[in-house]
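Structure first, then comments.
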Amino acid sequence: MAIEIKIVSDSAALNRTAAQEFKNAAESAIADHGRFAVTLSGGNTPRIVYSLLAQEYKTVLPWNDVHIFFGDERSVPPDHPDSNYRMANEALLSHVPIPPENVHRILAELDPEPAAQEYEHQLHQFFHLADDTWPRFDLIMLGLGEDGHTASLFPGSSALQEKLRLVAPTWVEEKKTFRITLTYPVLNHAAEVEFLIAGAGKAEIVKNVLNSSQALVYPAQGVKPENGRLLWLLDQDAASLVSS
Ligand code: 6PG
């Protein structure tokens with residue numbers, strides 16, 4: 001699996017490029033199979049991308065054919081300041097004409113295990129999964145933590161070894177909290193996975209992940225779509241230590 005690395009000048013260019021990538025992926029998926037199933041990432045980096053999507057593509061994209069999922073969620077209610085759903089709703093979902101039933105939220109107000117089971121049920125329903133098959137998202141948007149985590153796959157997490165479940169609850173020691181996350185098999189069955197990474201603070205981990213020859217030191221290294229595009233979208237600050 002070759003990693004496609006796209007480096008743009010600054011965070012503003014990164015946001016514009018990511019919004020364009022989203023639109024392109026959506027139009028391609030809808031033309032191909034009538035719908036676009038995308039998982040949003042949490043954290044700070046994608047927030048402005050989501051706002052751009054609302055501003056620039058509100059009347060451009062066929063939102064009736066767009067289905068929004070989440071790559072992970074913090075174990076909090078949807079109105080909590082830490083909620084990835086709340087961030088996406090404030091930046092994007094509440095500003096575009098997407099049918100409520102097209103927003104597939106992780107019910108993170110439940111305890112982590114039932115929340116993971118319920119989300120797995122949502123995926124089975126939406127993708128009409130037979131046993132032992134995996135959902136194929138059209139686009140999975142991910143970020144990268146400075147410790148090399150992505151989604152809520154953190155170093156040392158038991159979820160890193162999960163090969164059967166689609167969704168797993170996971171205790172994050174450094175955050176002293178539970179999270180719910182898609183697992184590697186789901187991430188690696190996507191048609192496209194896009195890492196969105198900005199800022200000099202990520203330069204060291206970007207270098208370590210991209211240059212590391214060792215198998216799976218950092219969770220982000222485990223994201224290698226088996227039959228899909230892997231795009232690392234970086235601004236120059238985040239890419240400043242990457243050997244060209
Ligand atoms: C989350 C994300 C997480 C995030 C990274 C990077 O729930 O926070 O899924 O994996 O993408 O922590 O976050 P920043 O974009 O804020 O640096």
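Structure values in brief
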{"item": "Gaussian network model of the chain, Cα within-10 Å springs - most flexible of 18, 108, 130", "result": "130"}
{"item": "Accessible area of residue 63 in the full protein assembly, 1.4 Å probe (Å², nearest 10)", "result": "10"}
{"item": "Probe 1.4 Å, all protein chains present, accessible-area order of 16, 179, largest first", "result": "16, 179"}
{"item": "Aspartates and glutamates whose Cα lies under 19 Å from that of residue 176, excluding same-chain neighbours fewer than 8 positions away", "result": "72, 73, 82, 109, 111, 113, 146, 147"}
{"item": "Within the accessible area of segment 1-154 (1.4 Å probe), percent carbon and sulfur", "result": "48"}
{"item": "Separation of alpha-carbon centers, segment 66-131 and segment 167-182, rounded to whole Å", "result": "15"}
{"item": "Label zone at residue 226, where the point sits 7 Å out along the Cα-to-Cβ direction: segment 128-144 residues whose backbone N lies under 19 Å", "result": "128-140"}
{"item": "Heavy-atom surface of the chain, accessible at 1.4 Å and reported per residue (Å²)", "result": "44"}
{"item": "Hypothetical label at residue 2: residues of segment 216-244 whose amide nitrogen lies under 12 Å (7 Å Cα-Cβ projection)", "result": "230"}
{"item": "Sequence-separation-based contact order of the chain, relative, with Cα cut under 8 Å and 6+ spacing, percent", "result": "24"}
{"item": "Difference of contour (0.36 nm per residue) and Cα-Cα distance, residue 241 to residue 24", "result": "75.2 nm"}
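The values are calculated or read from the model by the stated rules, or taken from the named source; none is laboratory data. A quick note: this is a predicted structure, and the numbers were derived from the prediction, not measured. Note that each Cβ is placed from the backbone with ideal geometry, even for glycine, and that neighbours are counted across all protein chains shown. The protein model used for the area step is the full one, side chains on, heavy atoms only, and it has no ligands, DNA or RNA in it. Shrake-Rupley method; radii C 1.70, N 1.55, O 1.52, S 1.80 Å.
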